[in-house]
1. Going by a ≥ b ≥ c, the root eigenvalues of the Cα gyration tensor, does the stretch 19-228 fall in the rounded group (a/c under 1.5), the prolate group (a/b larger than b/c) or the oblate group?
2. Please report the net charge: other residues with Cβ closer than 13 Å to the Cβ of Glu140, K and R +1, D and E -1.
3. Please state the charge dipole magnitude for the stretch 19-228, taken about the Cα centre, from unit charges on C-beta atoms (+1 on K and R, -1 on D and E), reported in debye and rounded to the nearest 20.
4. By counting other Cβ atoms within 10 Å of each Cβ, how are Arg54, Arg403 ranked from fewest to most?
5. Below 8 Å, C-alpha to C-alpha, sequence gap of six or more: please give me the relative contact order for the chain in percent.
6. Taking the Cα centre of each part, how many Å lie between the stretch 236-304 and the stretch 70-84?
7. What ranking, highest mean first, results for peptides 77-87, 406-416, 288-298, 34-44 when packing means the other Cβ atoms within 10 Å averaged over each residue?
8. In the neighborhood of Pro292, defined by Cβ-to-Cβ distances under 13 Å, what is the net charge if each Lys or Arg adds +1 and each Asp or Glu adds -1?
Amino acid sequence: MLEKKMISKRFGKINPLSIDDFIQFDGYKNLKKALSMEKTDIIEEVQHAYLRGRGGAGFPAAIKMMGLAKETSKEKYVICNADEGEPGNFKDRYLMENDPHQLIEGMVIVAYATNATKGFIYVRGEYQKSISLLKWSIDEAKKKGFLGNNILKSGFNFDIEVRSGAGSYVCGEEFALIESIEGNPGRTRVKPPFPTSVGVYGKPTLINNVETFSTIPTIVEIGGKAFAKIGTPSSTGTKLISLSGNVKNKGVYEIPFGVTLRDVIFELGGGVEHDRKIKMVQLGGACGPIIPEYMLDMMIDYERFEEFDSKTGAGAIIVMDERFDIFDILLKIVKFFAHESCGKCTPCREGHIQLENLIMKFIERKATEKDMLSLESLARVIHQASLCGLGQTSPTAIISSLRYFRDDYVDRIEHPART
Ligand SMILES: Cc1cc2nc3c(=O)[nH]c(=O)nc-3n(C[C@H](O)[C@H](O)[C@H](O)COP(=O)(O)O)c2cc1C
Ligand code: SF4
């Protein structure tokens, strides 16, 4: 079996509205276990697990927990990033809609281990079903004593509030998200200080993705060392994959790290619709690289993805068959980022408009070799000089296409439109 169901093990097996179903399926058992452990031991298990953030950047979760735990402020926050604005990603929605209590349990364990006082789940505004389900589940958890004051008579108090964004992609970036929770426009800022020192309302704050929090109960259950044996040495555990595009079986799959892209697309995805050939696959969402079919034997792990100068660990795989034109796809991606740029820094604000113009020249077959060089250097400037992760990752698709689909560029230059 290619799939390894750890955090998706309850998907379809419980009624997500029923806390009793969750409890019967081992739910909140790991919270009870965690409350009986030393707080430092919980963090140590996460460290042994070498759990890396599942929201894209792959930052070790234990380091954030240690960072928050050492802060002495009376108010400390834990935020779950459920903004999921990256096109092609839908696994956080699956987690929230199929197993909301697993996420809550993970957040309470992290809050307990770090002495956090309050939690927020920042949910993408379009995810109304997730929002209602989470609110309902939080109320149910409070009634049963898993949230609120004196959780399971441990003396620990912790509550969670659901907040929602208004559809801005950049609000998934942690500082923009903090601004949005505070009621301000979603604008980022330069790091340091990091949120674990100065976060929401100026207080120490730990921010993790839905999948990261949802993995914590499993680590408490099986122990960090056992968790680390799954996957590859530096990409441990399992990963939820959002598989979409021209595959037969689109959906969310949980795989151990180390499985190849080809296996995900053909074994889980059932291959390409109408058995067409694959032209390209985009990894991670709009901010990820576009690779050709011959690279599909690549393993899914953080290291491989980082070779593209991009943090693309959120787990989207978008398959495009031979009917698709690389320039049409690039145009859609660049338009998306031009629209979502918050406008704070020049390379991102102005650069995406220029990229759009250059790609249009290739679409209209009016491009020259100089345009190709301009496209390449502009993409690199945006990547290197932008203030936040949006501009730093948005040119990845262009940069990778220039590497792997250069023949398509040359073809457009060598065969211009007749005037
Ligand atoms: C423009 C932009 C959008 C982002 N959107 C999300 C998002 O929707 N969900 C998410 O978990 N992380 C997103 N991130 C990453 C977060 O800033 C942050 O690294 C993440 O929430 C940390 O959680 P993790 O360590 O568990 O991955 C985004 C980053 C950038 C730069
Ligand atoms: S890179 Fe783009 S989104 Fe990020 S701060 Fe600059 S303008 Fe705003």
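1. rounded
2. Neighbour charge sum, excluding Glu140 itself: 0.
3. Charge dipole of the stretch 19-228: 460 debye, to the nearest 20.
4. Ascending number of Cβ neighbours within 10 Å: Arg403, Arg54.
5. Rounded, it is 17 percent for the chain.
6. The stretch 236-304 and the stretch 70-84 have Cα centres separated by 33 Å.
7. 77-87, 288-298, 34-44, 406-416
8. Net charge around Pro292: -1.
Every number in this text was worked out from the coordinates using simple rules, so none of it is lab data. Keep in mind that what you see is a predicted model, and the values were worked out from it rather than measured. Virtual Cβ from ideal backbone geometry, glycine too; neighbours counted across all protein chains shown.
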